[in-house]
1. Pull out a ≥ b ≥ c, the square roots of the eigenvalues of the alpha-carbon gyration tensor of the stretch 79-217, then state rounded if a/c is under 1.5, prolate if not and a/b is larger than b/c, and oblate in the remaining case.
2. Quick one: compute the contact order of the chain, relative version, from alpha carbon pairs under 8 angstrom and 6+ residues apart, as a percent.
3. Let me check against my output: what whole-number percent is the relative contact order of the stretch 124-261, with C-alpha pairs under 8 Å and at least 6 apart?
4. Do any trypsin sites (Lys or Arg not before Pro) in the stretch 139-198 lie in a DSSP loop with no more than 12 other beta carbon atoms within 10 Å, and if so, which?
5. Within the chain, what percent of beta bridges assigned by DSSP are antiparallel, to the nearest 5?
6. If the cut-off is 23 Å between C-alpha atoms, which lysines fall inside it for LYS306, apart from same-chain ones fewer than 8 positions away?
7. Just the Kirkwood number for the chain, please: inverse of mean 1/r across all distinct Cα pairs, in Å, one decimal.
8. Which whole-number percentage describes the relative contact order of the stretch 356-426, with Cα contacts under 8 Å and a sequence gap of 6 or more?
Amino acid sequence: MKKILLACGLLTASFVVNAQQEISYEVSFPNAVHHEAQISMTIPNVPTGALKVRMSRSSPGRYATHEFGKNVYNLKATDQNGKVLNFKLTAGDVYEITSPTKTVKVTYTLFGNWIDGTYAGFDETHAHMNIPATFAFPIGMDARPRTVKFNYADKQNWKVATQLKPTGKDTYYAPNFQYFMDSPIEIAAYKTASWEVKNPDGKIQTIHLVSHSNDEQSTIDNYAEMLKKMVTEQVAVWGELPNFDYGNYYFLHDVLPEYAGDGMEHRNSTVIVQRTPKISGYESNLLGTFSHEFFHAWNVERLRPKTLEPFNFEHSNVSDGLWLAEGFTQYYGNLLLARAGFRTPENAVQGFNGIVNSVLNSPGAINFSPIQASQYAVFADAGVAIDQRNMGNIFTSYYTYGAGVALALDLRLRSEFKLTLDDYMRALWKAHGKPEIAYTMSDLEKVLAQLTKN
């Protein structure tokens with residue numbers, strides 16, 4: 001009994017400590033018609049010394065710098081009693097509170113009117129949030145848990161979809177900063193369809209299609225049936241599903257011609273924004289993004305280059321491994337739709353022909369390596385510049401370049417070793433993906449040598 005009481009006491013104490021450290025956000029949408037959200041952040045137990053709060057300049061799944069701070073205004077800082085605290089702007093997106101109190105509350109207005117996988121968007125139909133584009137954060141408190149509460153009672157039929165853990169009363173939880181920043185959020189009157197997938201170890205997990213689109217429920221249900229076939233083929237490559245945190249995976253799907261269009265992978269979810277009037281009538285054309293992004297649940301979310309660890313939210317990571325993380329994913333996205341019966345072999349070959357032609361004939365691939373192409377992503381991946389660049393002569397996309405490497409390796413493994421690229425991906429998953437040990441380029445060579453015994 002004493003041991004039980006001691007365990008209960010320790011558990012209670014840990015909850016209390018977490019609550020005392022928890023950084024809490026609150027979000028409301030009183031002016032969504034003008035694309036604004038009102039956001040507050042409360043930081044308890046602020047350490048002594050100056051407190052720096054900032055917006056992110058990068059985002060998981062993006063590899064270039066993005067200035068999210070440009071959409072923040074009306075920022076104020078107060079103590080727990082509402083007394084104003086002075087701050088100074090030390091950079092365009094960094095606010096330094098020189099004399100913080102034990103508890104600091106920061107409030108601001110955020111403008112968002114770009115619906116894709118990178119930014120935020122608010123209107124009368126939904127709130128679409130990429131976390132780095134939405135939430136400011138205190139520097140140096142990455143280990144602290146986060147909660148976020150949404151206020152949207154005046155929005156008809158809105159509901160929340162996110163990989164964050166629900167704790168009740170429209171409040172959601174992340175165990176730390178990195179998980180929080182990797183957890184996109186959609187709030188809308190969406191339609192959904194879900195299904196369960198059983199892993200070889202017996203664990204059952206649920207996959208959710210969450211669609212904010214002008215479609216009937218029957219369309220969403222039918223589309224989920226198509227996605228099931230795609231998921232089955234992807235699981236066959238790796239041998240199992242990843243262990244999704246909290247047992248769920250979410251396709252967060254926005255469909256409207258006015259949107260920007262995008263696909264963005266996250267640890268237990270993906271944001272897919274597509275520019276068609278609806279899903280109905282466009283089902284097959286929309287599948288490519290789903291196939292690519294879901295493959296990322298293994299490749300890049302867990303099977304991860306060391307150069308992306310830890311993810312830096314103050315500037316972009318320079319990575320040498322995007323040719324595999326993105327390029328191999330690009331190769332499989334098309335291939336697995338053919339295996340699932342959604343593309344003919346002729347369609348797949350046509351896609352491979354385009355890849356080969358690009359790699360063999362583009363100056364970037366002739367003069368620069370896949371690693372160099374990966375490293376150039378800090379300038380190429382939706383990075384904004386107004387001056388002219390010489391990209392046509394120095395850069396071939398690591399998507400295309402890496403897909404070409406994947407195709408070549410697959411053909412060689414088949415012709416010389418009686419293996420396939422699937423065997424290599426499973427070997428990488430076993431060595432680095434499932435245990436989540438980030439890999440180096442030499443690790444990739446080592447696993448391949450062990451597989452081929454060459």
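Quick note: the coordinates plus some simple rules give every number you see, no bench work behind them. Quantities reported herein were computed from a predicted structural model and do not represent experimental measurements. In this analysis, Cβ positions are derived from the backbone assuming ideal geometry, glycine residues included, and neighbour counts consider all displayed protein chains.
1. Judged from the Cα gyration tensor, the stretch 79-217 comes out prolate (a/c at least 1.5, a/b above b/c).
2. 13
3. For the stretch 124-261, the relative contact order is 24 percent.
4. LYS169
5. 75
6. LYS430, LYS434, LYS446
7. Final number for the Kirkwood radius of the chain is 23.5 Å.
8. 36
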